[in-house]
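Reviewing the structure listed below.
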Amino acid sequence: MSMLFQLRVMTAVLRQARMATGISVLLAGAALALLCLSMPPVVVAVPALVSLLAGAVQAYYAARVSFDAALLEALQASHPDAAPGVIDDVLQKLGLREATTATRGWQPRWQGMRRLLRWQLLALGAQALCLLGALVVKTLP
């Protein structure tokens, strides 16, 4: 399998995270509406606030995943058969990576990118569960 194809596949996988980001924004809006429109009791407000916090965590990971996808797209456009060291060199020159850090190969990079994506999706799941919990408690008599 060619390196260009691997780069394209990993970029496509990372770009799927945009859907999670959109869902997270909707959930955050619902949590804010719940908090602002109804003046809920503490047992409802706390999970809604935790949902907003999980949304912020999701946004952090979304930014990291999006940055990795943009790096892969830039690499495809300029050096489609380049070694992973090209990314490290550019990041070091821009001050985004320490010069003393060892260069990683593609497999550890793919693992790291997938790990960031998993954390993003876990944060989205926590956000949804907390909001759902707040809504369930709100509807209880």
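Does L129 meet the test of being surrounded by fewer than 15 Cβ atoms within 10 Å (Cβ to Cβ), out of contact with any Asp or Glu (no Cβ under 9 Å at 6 or more places or on another chain), of a type in the set (A, V, I, L, M) and closer than 16 Å to I23 by Cβ? Against the criterion (surrounded by fewer than 15 Cβ atoms within 10 Å (Cβ to Cβ), out of contact with any Asp or Glu (no Cβ under 9 Å at 6 or more places or on another chain), of a type in the set (A, V, I, L, M) and closer than 16 Å to I23 by Cβ), L129 qualifies. Of the set (1) in contact with a Lys or Arg (Cβ under 8 Å, 6 or more places away or on another chain); (2) modelled with pLDDT of 90 or more, all apply to L124 but (1).
With respect to L27, is the statement that it is open to solvent by less than 60 Å² (accessible area, probe 1.4 Å), in contact (Cβ under 8 Å) with a residue 60 or more places away in the chain and at negative phi true? So L27 passes the test.
The residue pairs whose first member lies in segment 94-119 and is over 15 Å from V9 (Cβ atoms) and in contact (Cβ under 8 Å) with a residue 12 or more places away in the chain, whose second member is open to solvent by less than 80 Å² (accessible area, probe 1.4 Å) and among the β-branched types (V, I, T), and whose beta carbons are closer than 7 Å, counting only pairs six or more residues apart or on different chains, are L116/V65. For segment 120-134, the set of residues classified as free of Cβ contacts under 8 Å to residues at least 60 places away in the same chain and within 10 Å of the chain's Cα centre (by Cα) consists of L122 only. The number of residues in segment 16-52 that are within 23 Å of the chain's Cα centre (by Cα) and in a helix (DSSP H, G or I) comes to 22.
If you go through segment 83-111 and pick out every residue that is under 21 Å from the mean Cα position of the chain (by Cα), aliphatic (A, V, I, L, M) and surrounded by 13 or more Cβ atoms within 10 Å (Cβ to Cβ), you end up with 2.
One residue stands out in segment 1-15 among those that are without any contact (Cβ under 8 Å) to a residue 24 or more places away in the chain and open to solvent by 80 Å² or more (accessible area, probe 1.4 Å): the one that is nearest to the chain's Cα centre (by Cα), namely F5.
Only one of the listed residues (L75, L124) is out of contact with any Ser or Thr (no Cβ under 8 Å at 6 or more places or on another chain) and buried (at least 18 other Cβ atoms within 10 Å of the Cβ). That residue is L75. Among the residues examined, R114 does not qualify as charged (D, E, K, R), surrounded by fewer than 13 Cβ atoms within 10 Å (Cβ to Cβ) and part of a helix (DSSP H, G or I).
The values are calculated or read from the model by the stated rules, or taken from the named source; none is laboratory data. It should be emphasised that the depicted structure is a prediction, and the values quoted were computed from it without experimental measurement. For neighbour counting, all protein chains shown are included, and Cβ atoms are generated from backbone atoms with ideal geometry for every residue, glycine included. Ligands, DNA and RNA are excluded from the accessible area calculation, which covers all protein heavy atoms including side chains. Shrake-Rupley method; radii C 1.70, N 1.55, O 1.52, S 1.80 Å.
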